[in-house]
Amino acid sequence: AWYTAHIAPVQPSGVLLEPVFRVSQTFRVAAPEPTDALAKTFIAYVDADDGEVYVTGPDDDTRRRVTTDHAEKRGICWSPDGSQLAYASSMRGTFDIWVIDRDGGGRRRLTGDDGDEVDPAWSPDGTRIAFTFALNSRSQLATVAVDDLNVTKLTAPTVMAHGPSWSPDGARIACSLGHEEGFGVLTVDTESLVTLPDIAARHVRWSPIGDSLLMLRNVSPQPYDFPEYVLHTVEPDGAHLLPLPAPIESTTHSWSPDGSMIAIERPGGGISLARADGTEGRPLPGAEKGARQPAWSPVPAPRPGVAEPPSAARPPPHYPDPGPYP
């Protein structure tokens with residue numbers, strides 16, 4: 001977190017000394033230490049070989065398969081209570097948002113437009129999932145209610161927004177704009193979008209414990225170089241844009257629930273864990289070499305059962321088809 005200290009000389013009684021002058025200093029405190037509860041959390045990811053979602057613990061070398069739809073996945077997120085996962089799947093041809101229980105049961109589809117719905121992000125109160133919907137080379141933000149499947153569009157067609165991430169209080173959503181043309185912060189109740197076009201970024205993710213964002217920025221020196229994405233932190237108003245003290249190249253990333261660590265997809269595949277300042281990196285033990293799209297669960301959960309094989313195949317429960325948008 002960032003802090004600003006304001007200093008002015010005063011007498012013991014509190015009266016300002018003359019002549020009056022004031023100074024200020026802005027500084028950042030160190031990342032928090034990992035908590036013991038992290039050992040009881042899960043990290044979900046997409047396996048590069050079969051395209052399915054698996055979960056494992058940050059210190060486990062075992063994993064459990066969650067999905068079995070044999071389709072491409074784009075994005076994973078957890079429900080606030082850690083009991084369910086949302087993900088985008090191309091099982092029906094175009095990408096739709098699905099939710100599934102952590103153990104692989106209770107699968108159901110939440111969206112059904114003609115375009116693609118990807119990048120799910122579960123709201124902190126558990127009632128809605130924000131996502132990107134793309135049609136005719138345009139992308140916008142929307143939310144779908146988990147219970148009644150009501151879809152609300154949040155951004156205008158004139159704004160290309162994608163990759164939503166909720167603030168911890170659920171009041172705002174951070175997102176990327178266009179093709180790395182900047183990022184924006186949307187106030188959910190008023191649907192007002194503040195854009196910061198001077199900070200081109202992708203995969204913007206809000207810290208779970210404070211008012212800062214972790215994002216990928218292209219640091220390639222030449223416009224035609226292969227993109228080289230390095231993690232940066234920035235405040236939601238665009239202030240204090242800094243790379244991590246220990247630079248990390250990444251493709252996607254996910255915060256630990258205590259804000260002390262990040263799960264990182266390395267360029268070319270594979271998932272590593274590191275401290276929030278980029279130090280002490282190590283491979284995720286339970287992930288395969290080409291694992292992609294890590295998502296760290298928001299709360300601890302019981303550890304038994306992670307190593308068990310998926311439960312016997314059973315048909316998913318029937319739910320009404322959400323159909324196209326009204």
Estimated FRET transfer efficiency (Val20, Thr187; beta-carbon r; R0 56 Å; 0.05): 0.90
query: So, how do all the Cα-to-Cα distances of the chain break down into 20 Å bins, in percent, from 0 on up?
result: 31, 55, 11, 2
message: 7 Å from Cα along Cα→Cβ at both Ala145 and Glu235: what's the point-to-point distance in nm?
response: 3.7
field: Solvent-accessible heavy-atom area per residue, rounded to whole Å², over the chain at 1.4 Å
entry: 48
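For Glu33, what is the net charge nearby, where nearby means another residue's Cβ is under 11 Å from its Cβ and Lys, Arg count +1, Asp, Glu -1?
-1
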message: On the principal axes of its Cα set, how long, how wide and how thick is region 163-243? Give whole Å, largest value first.
response: 40, 24, 19
query: If you line up the Cα atoms of region 66-178 on their principal axes, what length do they span on each, largest first, in Å?
result: 40, 34, 23
task: Using +1 at the Cβ of each Lys and Arg and -1 at the Cβ of each Asp and Glu in the chain, identify which of Gly182, Ala71, Gly126 lies farthest towards the dipole's positive end.
output: Ala71
query: Hey, with R₀ at 41 Å, roughly what FRET efficiency would Thr4 and Asp114 work out to, going by the Cβ-Cβ distance, to 0.05?
result: 0.25
message: Return the equivalent ellipsoid semi-axes of region 213-303 as a descending list in whole Å, where each equals the square root of 5 times an eigenvalue of the C-alpha gyration tensor.
response: 23, 18, 10
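So for Arg292, Arg109, what's the accessible-area order with a 1.4 Å probe, most first?
The ordering from most to least exposed comes out as Arg292, Arg109.
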query: Between region 237-266 and region 97-111, what is the C-alpha centre distance in whole Å?
result: 28
query: Sorted by packing (mean other beta-carbon atoms within 10 Å per residue), highest first, where do 254-267, 7-20 land?
result: 254-267, 7-20
query: Under 19 Å from the Cα of Lys153, which aspartates and glutamates turn up, not counting those fewer than eight places away in the same chain?
result: Asp96, Asp113, Asp114, Asp116, Glu117, Asp119, Asp125, Asp189, Glu191
Linear extension gain, Glu33 paired with Lys153, 0.36 nm per residue minus alpha-carbon span: 39.3 nm
field: Cα lying deepest toward the dipole's positive end in the chain, options Gln84, Ile43, Thr62, charges on Cβ
entry: Thr62
- line: Distance in nm between Glu180 and Asn136 label points, each 7 Å along Cα→Cβ, equals 2.8
task: Compare the Cα positions of Ala239, Pro12, Phe27 along the charge dipole of the chain (+1 at Cβ of Lys, Arg; -1 at Cβ of Asp, Glu; about the Cα centre) and return the one farthest towards the positive end.
output: Phe27
- prompt: Leaving out ligands, DNA and RNA but keeping every protein chain, what accessible area does Phe95 have, in Å² rounded to the nearest 10, with a 1.4 Å probe?
  reply: 10
- request: Return the ratio Rg/(2.2 N^0.38 Å) for region 151-303, where Rg is computed over Cα atoms only.
  value: 1.05
statement: Quick tally, 1.4 Å probe accessible area for Asp59, Asp96, Asp116, Asp147, sorted with the most first, runs Asp147, Asp59, Asp116, Asp96
field: Global form of region 124-179, assessed from the alpha-carbon gyration tensor, a/c cut-off 1.5
entry: oblate
task: Would you mind calculating the gained length between Ser13 and Asp49 on full extension (0.36 nm times residue separation, minus the Cα-Cα distance), in nm to one decimal?
output: 5.9 nm
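The values are calculated or read from the model by the stated rules, or taken from the named source; none is laboratory data. Quick caveat: nothing in here was measured; it's all calculated off a predicted structure. Cβ: placed from backbone, ideal geometry, glycine included. Neighbour counts: every protein chain shown. When the accessible area is computed, the model is the full protein with side chains, heavy atoms only, and any ligands, DNA or RNA have been set aside. Shrake-Rupley method; radii C 1.70, N 1.55, O 1.52, S 1.80 Å.
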